[in-house]
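Here's the structure we're looking at; comments come further down.
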Amino acid sequence: MCGIVGYVGYRQAQPILFNSLFRLEYRGYDSCGIAIADNGITVYKDAGKVGNLEKRVPHLEGTAGIGHTRWATHGEPNQINAHPHCDCSGRFAVVHNGIIGNYRLLKKQLIAEGHRFISETDSEVIPHLIEKYYRGDLEGAVATALKDVEGCYAIIVLAAGESDLVAARKGNPLIIGIGDRENFVASDVPAVLDDTNRVVYLEDGDLGVISTAGIRIMRDGREVAWEEKKILWSVEDAQRAGYEHFMLKEIHEQPRVIRDTLIGWLSSDESSGESLVDLTKMQGDIRPLTLLACGTSYHAALVGRYIIEKVLGIPVRVELASEVNYYDRPPDGAVAIAITQSGETADTLRAMKRAKAAGCLLLAITNVMDSSASRIADEVVYTRAGPEIGVAATKSFAVQLIILYSLAILSYKVDARRLADLVMELRQLPEKLERLLSDKDGIKECAGYLAGYESVFFIGRGINYPIALEGALKLKEISYIHAEGYAAGELKHGSFALLGENTPVVAILARDNTYQAMLSNIKEVKARKAPVIALAEEGDDNVGEFADMVISVPAVDLLFSAVVNVVALQLLAYYTARERGCPIDTPRNLAKSVTVE
Ligand code: M6R
């Protein structure tokens, strides 16, 4: 996720901007840059660390400027793709956080009108649009330009010869920091906290005009009153946006990152979308498609098998990347898809190389642009989770699922009506997750209960079997409670021997063809005196009769139950670990990226 900052006031802007960029470093980034308004606009930017850029930039005279830390999404991390971006005349400089869904179309139109582009980014269309609409009124030009833009953004615009910064947001956060004869603007609070703790939060659709003298906020073309908030957090608290841990922050970011991820896939007509990669064409015949991954990404692959087989009817083989390397026969389907958040997992990279050598067309689903996985693959689809700092994967898993859904659903050519329904459901998922995240009392109560045990089973069937595996993995890695994820039908083939009053079972129910069998499994478990926590859809009145505790999740199309259920289990693991006083963001013996085999 990119970070943006802006300053206008009586002091020199350069050191203030660099200090703000240092304060945003915790978010992770690959390149950075600043622009200062002097007589014109001077831009310095490059791939690499803020500290390196700071050392190379000479003193720039100017009391207004903008800055950026970039987490690449469109175009590799290099000097040209780093922000700020300018128009042809170099009069307008823009920093952007977000994704412009229709940038290809806008870029084509602007090129036809004579604009020259130099970067591969989606963001560069914004300064060109402002240049196109500018008639002596910066605020008006920005407002008009943004009407052309589909997607999400937080932007700050700096213009030569103008005393105001103009900032706007839709979908991505933006705050204004209030000073005395100076004002600040940034994507998040830590960037301004060294200078002020007086902050105004912009709302979606707001446009702010920030000058030395004061600020104005425009909504739907009218100036609105704003409310100042006093931030009492330390810089460290602010980096976690007030959440106690990065993991909790990242769990709560899921509705937004899902929206960000969908922007690239869904059309604005509400009922359709465009697949960036057509699996049916790539596959070509009925040889199985192979999914390769480790850990949490492997669980996403297992969910992917259900989705792709159900929607497309293509046979899918899922392999642990850490095991497939020992098989004599490498993956031999027409297409192999590697799923890896970091893009650097050693086992996954090795499996990818073997699949490629065996002649597979190789697709990578990864969160990190220019990662090793993205360089090995023939095609790459990027998840838009932004940097994930907690060692336990949460939001990266959710968007891996969203990519797999999109790959399958948007390749679905058969039934337009079903397609429209599924696209609608995908669009509604973020809102349903917001509902789940806004009422956590039931989950906290169950977590308080689980925290007293040393062994827990998670059971599910069908698409929720991999979610049982993921729920167990989350619990063990951050709470250090022994947990096993099981296909519910497998318990009686051995693990029943372990069940008793000291082994709670978390049972995941979905109202699909697995429902009755799951209810029977719950009864069998209860008969062995094991306490049962059931995860069930809102309105499910049956389950309360059999389970000791019930966590209710919003009802969704059954194909998507994996997403809501996993978010509930992430929270269950989080609050259990918190109850036990564990170091949640940095669990013992684990690393964020596993670069050894
Ligand atoms: O970066 P990757 O997705 O390739 O990582 C794979 C696993 O190492 C990772 O998912 C690991 O299991 C996480 N710690 C789970 O929370």
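The values are calculated or read from the model by the stated rules, or taken from the named source; none is laboratory data. All values derive from a computational prediction rather than experimental measurement. Because the Cβ atoms are built from the backbone with ideal geometry, glycine has one as well, and the counts that use them run over all protein chains shown.
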Quiz item: So Leu499 fits all but one of (1) crowded, with 18+ Cβ neighbours inside 10 Å; (2) within 23 Å of Val563 (Cα to Cα); what number is the exception?
Solution: (2)
Exercise. Within region 425-441, identify whether any single residue is at pLDDT below 95, surrounded by 22 or more Cβ atoms within 10 Å (Cβ to Cβ) and either within 14 Å of the ligand (Cβ to nearest atom) or farther than 15 Å from Tyr298 by Cβ (or both), and answer yes or no.
Key: yes
Self-check item: Elements of type strands (runs of 3 or more DSSP E) contained in region 31-98, each with 2 or more residues being of a type in the set (Val, Ile, Thr), crowded, with 24+ Cβ neighbours inside 10 Å and under 27 Å from the mean Cα position of the chain (by Cα)
Solution: 64-70
Practice problem: Could you grab me the full set of residues in region 1-17 that are surrounded by 20 or more Cβ atoms within 10 Å (Cβ to Cβ), more than 18 Å from Gly386 (Cα to Cα) and either touching a helix residue (DSSP H, G or I) at 6+ places or on another chain (Cβ under 6 Å) or without any contact (Cβ under 8 Å) to a residue 24 or more places away in the chain (or both)? | Solution: Tyr7
Quiz item: Looking at Tyr44, is it over 22 Å from Ile126 (Cα atoms) and hydroxyl-bearing (Ser, Thr, Tyr)?
Solution: no
Quiz item: Any idea how many residues of region 449-471 are in a helix (DSSP H, G or I) and under 15 Å from Ala562 (Cβ atoms)?
Solution: 10
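Against the definition (in contact with a Cys (Cβ under 8 Å, 6 or more places away or on another chain) and modelled with pLDDT of 95 or more), how does Glu131 come out, yes or no? Lay out the reasoning, then the answer.
Values: in contact with a Cys (Cβ under 8 Å, 6 or more places away or on another chain): yes; modelled with pLDDT of 95 or more: yes.
Taking the combined requirement at face value, the residue satisfies it.
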Practice problem: Collect the residues in region 286-314 that are more than 10 Å from the ligand (Cβ to nearest atom) and out of contact with any strand residue (DSSP E or B) (no Cβ under 7 Å at 6 or more places or on another chain), keeping them in residue-number order. | Solution: Ile286, Arg287, Val303, Tyr306, Ile307, Lys310, Val311, Leu312, Gly313
Exercise. Looking only at region 219-248, count how many residues are in contact (Cβ under 8 Å) with a residue 60 or more places away in the chain and buried (at least 18 other Cβ atoms within 10 Å of the Cβ).
Key: 5
Quiz item: Has region 577-593 got at least one residue that is more than 25 Å from Tyr405 (Cα to Cα), small (Gly, Ala, Ser) and assigned to a helix (DSSP H, G or I)?
Solution: yes
Quiz item: Looking at Val311, Val381, which one is among the β-branched types (Val, Ile, Thr), in contact (Cβ under 8 Å) with a residue 24 or more places away in the chain, within 30 Å of Thr514 (Cβ to Cβ) and surrounded by fewer than 23 Cβ atoms within 10 Å (Cβ to Cβ)?
Solution: Val311
Exercise. Kindly provide the set of residues from region 318-340 that are closer than 18 Å to Pro288 by Cβ and either among the charged types (D, E, K, R) or in a helix (DSSP H, G or I) (or both), ordered by number.
Key: Glu319, Ala321, Glu323, Val324, Asp328, Arg329, Asp332
Quiz item: Does region 172-181 include one or more residues that are in a loop (DSSP other than H, G, I, E, B), in contact with a Ser or Thr (Cβ under 7 Å, 6 or more places away or on another chain) and more than 24 Å from Val257 (Cα to Cα)?
Solution: yes
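Might you let me know whether region 515-533 holds any residue that is closer than 20 Å to Ala301 by Cβ and away from the ligand (no atom under 16 Å from the Cβ)?
No - not one qualifying residue is present in region 515-533.
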Practice problem: Look at region 140-171 and say how many of its residues are part of a loop (DSSP other than H, G, I, E, B) and farther than 22 Å from Val257 by Cβ. | Solution: 6
Quiz prompt | Single residue of region 341-373 satisfying the filter (within 11 Å of the ligand (Cβ to nearest atom) and assigned to a strand (DSSP E or B)) that is surrounded by the fewest Cβ atoms within 10 Å (Cβ to Cβ) | solution = Ala364
Quiz item: Within region 378-409, which residues are more than 12 Å from the ligand (Cβ to nearest atom), over 14 Å from the mean Cα position of the chain (by Cα) and assigned to a loop (DSSP other than H, G, I, E, B)?
Solution: Asp378
Practice problem: Return yes when Arg305 is surrounded by fewer than 22 Cβ atoms within 10 Å (Cβ to Cβ), without any contact (Cβ under 8 Å) to a residue 40 or more places away in the chain and within 16 Å of Ile403 (Cα to Cα) and no when it is not. | Solution: yes
